[in-house]
Amino acid sequence: MFDDDKRVPMPAALRPSEYTAALIQALRLQAGRVRGADALEIGSGSGVVLAALGAMGAASLCGVDIEADAVASGELLLRDLGHGDKAQLHRGDMWRPVAGRRFDLIAANLPHFPMEPVEVAGRRPTWSAGGADGRRLLDPFLTGLTEHLATGGRAVITHNGFVDMERSRALVAGAGLALAVVLTTLVHIPEEKLGRMTPAILAAEDGRTIHRYGPYAFADMHIVEIAAA
Ligand SMILES: C[S@@+](CC[C@H](N)C(=O)[O-])C[C@H]1O[C@@H](n2cnc3c(N)ncnc32)[C@H](O)[C@@H]1O
């Protein structure tokens, strides 16, 4: 589906989510730290997070996504907004397209919902699913950071409350990095997604990081910053 009033096509499957909004909000809170940065986003989707970083004055914008239409949409968006000359979008898996490269700022809103890949709410199976424990992409992302952060660099990522924050903290600590929660918000979890969540995680987190009011469910979602300890 496309919005005919805009020059840039907006595939419905790539529409920004509450996670995207919170990630942009956290980045905007410290916009001064974005100016002049070489920025990377893993899982760039529509390209809107990169567009926001471009608007905050990032020196270069690099995006990686596994889906061809995400790469095409991101390129179009960044070009249309006047960032084309400093943007590079790559189709590929996680760190592979940027092997050997380092960045001042690495943003990510990775698929890390604890479920197996399936199409939900008009999204592709690659959009949200992080496997049974939600960590299929999160763990290699966290362990790859030391090879891709420039000196003094940082990562800013979304992190579901129900996806073991302590494990993330321990993983990055093992690489000499520290993790800090910079923003916490609630996100709505639609029934069709909640019903696909790994049952053991749902049972453990219900009433802890997952809050239900009748048929409606919300979950704690954190934006975390990871940098040298
Ligand atoms: C939750 S969406 C986030 C999209 C966008 N960053 C945003 O905030 O709107 C996750 C993105 O990761 C991409 N993705 C999934 N698996 C990937 C992988 N192995 N390597 C790179 N990108 C991947 C998906 O295609 C999707 O665009």
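The values are calculated or read from the model by the stated rules, or taken from the named source; none is laboratory data. Since the structure is predicted, the reported quantities are computational estimates derived from the model, not experimental observations. Every residue, glycine as well, gets a Cβ built from its backbone with ideal geometry; the counts of neighbours run over all protein chains shown.
Some values worked out for this structure:
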| quantity | calculated |
| --- | --- |
| Any hit, the stretch 35-47, residues being crowded, with 19+ Cβ neighbours inside 10 Å, without any contact (Cβ under 8 Å) to a residue 60 or more places away in the chain and either hydroxyl-bearing (S, T, Y) or away from the ligand (no atom under 12 Å from the Cβ) (or both) | yes |
| Among (1) part of a strand (DSSP E or B); (2) within 19 Å of the chain's Cα centre (by Cα) - the single one L171 does not satisfy | (1) |
| When residues of the stretch 195-207 are limited to those that are in a loop (DSSP other than H, G, I, E, B) and touching a residue at least 24 places away in the same chain (Cβ under 8 Å), the one farthest from E119 (Cα to Cα) | T198 |
| One residue from A99, A175 being at pLDDT 95 or above and hydrophobic (A, V, I, L, M, F, W, C) | A99 |
| Single unsatisfied condition, G153 versus (1) surrounded by 15 or more Cβ atoms within 10 Å (Cβ to Cβ); (2) under 21 Å from P111 (Cα atoms); (3) out of contact with any Leu (no Cβ under 6 Å at 6 or more places or on another chain); (4) not aliphatic (A, V, I, L, M) | (2) |
| Matching entry among D65, D80, D133, D85 (being farther than 24 Å from V224 by Cβ and touching a residue at least 24 places away in the same chain (Cβ under 8 Å)) | D80 |
| Any hit, the stretch 14-31, residues being over 18 Å from the mean Cα position of the chain (by Cα) and more than 11 Å from the ligand (Cβ to nearest atom) | no |
| Single residue of the stretch 156-190 satisfying the filter (surrounded by 18 or more Cβ atoms within 10 Å (Cβ to Cβ) and among the small types (G, A, S)) that is farthest from A229 (Cα to Cα) | G161 |
| Restricting the stretch 191-229 to residues that are exposed (fewer than 15 other Cβ atoms within 10 Å of the Cβ) and basic (K, R), the residue that is farthest from the chain's Cα centre (by Cα) | R212 |
| Residue list for the stretch 91-129, filter: near the ligand (Cβ under 9 Å from one of its atoms) and among the basic types (K, R) | R91, R96, R123, R124 |
